[in-house]
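Heads up, the thing below is written out as structure tokens.
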Amino acid sequence: MPDRLRGLGVSPGIGVGPVRAIAGAVPEPPAGQRHQGDAAAESGRARDALETVAADLEERGEKAGGEARDVLFAQAMMARDPGLAELAGQKIAEGTPAARAVHEAFGVFRDVLSGAGDHIAARVADLDDVRDRAVAVLLGVPMPGVPDSPEPFVLVARDLAPADTALLDPAKVVAFVTEEGGPTSHTAILARSMGVPAVVGCAGCTSLADGTVLLVDGASGEVRPDPAEEEVARARTGATARTAARTVTGPGTTGDGHAVPLLANIGGPQDVPAAIEHGAEGVGLFRTEFLFLDRTTAPGEDEQEAAYRAVLQAFPYVVVRTLDAGADKPLAFLPATADEPNPALGVRGLRMSRRHPEVLRTQLRALARAARALPVELRVMAPMVADAEEAAYFAEECRAAGLAHAGVMIEIPAAALRARDLAAAADFFSIGTNDLAQYAFAADRQVGTLSGAQDPWQPALLDLVALTAEGADGKACGVCGEAAGDPALACVLVGLGVTSLSMSPPALPAVRAAIRAHTTDQCRRAAVAARAAHGAAEARERARAELPGLAALGL
Ligand code: PEP
Ligand code: MG
């Protein structure tokens, strides 16, 4: 067993607990074999397995509640589909063993679903999951997915799908460690929003035996198997000291009184309490597509209005992003164009909305209705805007729906380069550094091995932020990508002219303390120093040299 492993710390904090690995893929039962027993008994085994899976899914659904319950109950219904058992029974009657027969029967259903144009939809993934569960029961191998554990554990996986993490009990998971995933992957974003320490891109972690105790440092990225007790105590003391140094409260401001509103990134009303607890002054990014990841039909205006109102009534200021469908955030009711070779460069974000104007208009109307009579400043922005024409289109749609503040996300280098043109059409900017880095470096944000190119300290990315802030021409220009949650980088962003910072709620206290500990001038000098560097590591080092308050805070 290695002495220590290293990955990228993406959600700070210390977690100690035994490894529970997400079970690997369920093997495909081999074709061409015949069962020995009688067909009726074999058919009975298949039916029992499907029923076991259905009952287990329902039990998990009851425990999870909310949207996850609906998804799991829908999966249980798939397992109980009489057509499926009948098809498997026919194959068993022809001599196919139960596991293979079930596998093939699911294959037929899968083809039907794919043919209906739902091929990237959550439905197919859900169906595959049910199949794997049933086959696992029949083969007597572990069920796929997040393990059940009576005690708190460190979840180790190759990577985590949003569906896995949605069902996690934050009280049970003391840390995440994944072999893949970068700093802007949704695993990282979810870990931060749950306040669970996480290390991604940690080579070799999936070889650790289940039950091995790990000390996980979500800030440094170090993962220590079988740590000595003193080591655990030391790590915990360090983490507590860092937390204690960040008890600054109140609105975001630099040491010399320059206001920088500190806002929360949220995925729905369920994230509101954490945002309030960490002192968010409002919401800087409401990722509305997160509300509808599991939906196969477009949500209606009334349903949307209720979900938006639950957020709008909690804050004086909320920036809502219209649906960002496609690539890493597929929505079943807005499917990607068939056979798009590279969905990240395909029809997504605002491009997708333009193909489905009725979906966009319903959302805008729901937002306008939700804000009516509430004392909230509602701002609405579009994702993945490439140029001024797209910005103008979106602004016009917003005005038609009665929305006064229409902005755009700057996540495409072309938009950053021509920010001045976009500023003429939009009321405000919000820079999405996650995608801006992905597109600036041509490096997929979901590929852990490319995480170096995702480092938001890259001077080229800082240049694009600076150009955007300049081009905003006095209009508000926030950052809502993960870069805003790094205390040192937050100071640099302020120095580059960014006017607000929005992040996962648990990142707020450290950022608040960091900017309060420095003057605007210090932030500017740190920005100049970072941009003068020739790489991310050097930029970080040079900026830190201009920000002495960080070390004093243990940041
Ligand atoms: C971004 O791209 O930086 C961003 C904030 O949006 P998302 O992470 O949801 O793509
Ligand atoms: Mg984005």
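The values are calculated or read from the model by the stated rules, or taken from the named source; none is laboratory data. This structure is a prediction, so every number in the text was calculated from the model and none was measured. Using ideal geometry, Cβ is built from the backbone for each residue, glycine included, and neighbour counts are taken over all protein chains shown. Protein only, heavy atoms only, side chains kept; ligands, DNA and RNA dropped before computing areas. Shrake-Rupley method; radii C 1.70, N 1.55, O 1.52, S 1.80 Å.
A few points about this structure:
- Matching option when the condition is part of a loop (DSSP other than H, G, I, E, B), out of contact with any Asp or Glu (no Cβ under 7 Å at 6 or more places or on another chain) and over 25 Å from Thr240 (Cα atoms), among Val498, Val528: Val498
- Considering each residue of the range 417-429 in turn, at least one proves to be open to solvent by 30 Å² or more (accessible area, probe 1.4 Å) and under 27 Å from Gly535 (Cβ atoms).
- Matching residues in the range 447-482 - criterion: being more than 13 Å from ligand 1 (Cβ to nearest atom), open to solvent by 10 Å² or more (accessible area, probe 1.4 Å), closer than 23 Å to Val528 by Cβ and assigned to a helix (DSSP H, G or I): Pro459, Ala460, Asp463, Leu467, Ala469, Glu470
- Meets criteria (within 20 Å of Asn265 (Cβ to Cβ), open to solvent by less than 20 Å² (accessible area, probe 1.4 Å) and in contact with a Leu (Cβ under 7 Å, 6 or more places away or on another chain)) for Met352: no
Here's the yes/no breakdown for (1) within 11 Å of ligand 1 (Cβ to nearest atom); (2) within 20 Å of Ser193 (Cα to Cα); (3) open to solvent by 50 Å² or more (accessible area, probe 1.4 Å); (4) not assigned by TED's automatic domain parsing to the domain that holds Arg69:
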| residue | (1), (2), (3), (4) |
| --- | --- |
| Glu305 | no, no, no, yes |
| Tyr317 | no, yes, yes, yes |
| Gly326 | yes, no, no, yes |
| Asp339 | no, no, yes, yes |
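- Per the listing Arg242, Arg295, the residue uniquely in contact (Cβ under 8 Å) with a residue 24 or more places away in the chain, more than 23 Å from Ala484 (Cα to Cα) and open to solvent by 50 Å² or more (accessible area, probe 1.4 Å) is Arg295.
- Among (1) more than 16 Å from ligand 2 (Cβ to nearest atom); (2) of a type in the set (D, E, K, R); (3) open to solvent by less than 10 Å² (accessible area, probe 1.4 Å), the one test that Asp435 misses: (1)
- When every residue of the range 407-420 is checked against the conditions, at least one turns out to be more than 16 Å from ligand 2 (Cβ to nearest atom), of a type in the set (A, V, I, L, M, F, W, C), in the same structural domain as Gly282 (by TED's automatic domain parsing) and at pLDDT 95 or above.
- Any chance Ala310 is free of Cβ contacts under 8 Å to residues at least 60 places away in the same chain and part of a helix (DSSP H, G or I): yes
- Wholly within the range 7-120, helices (runs of 4 or more DSSP H) carrying at least 1 residues that are over 30 Å from Gln270 (Cβ atoms) and at pLDDT 90 or above: 39-64, 82-93, 98-113
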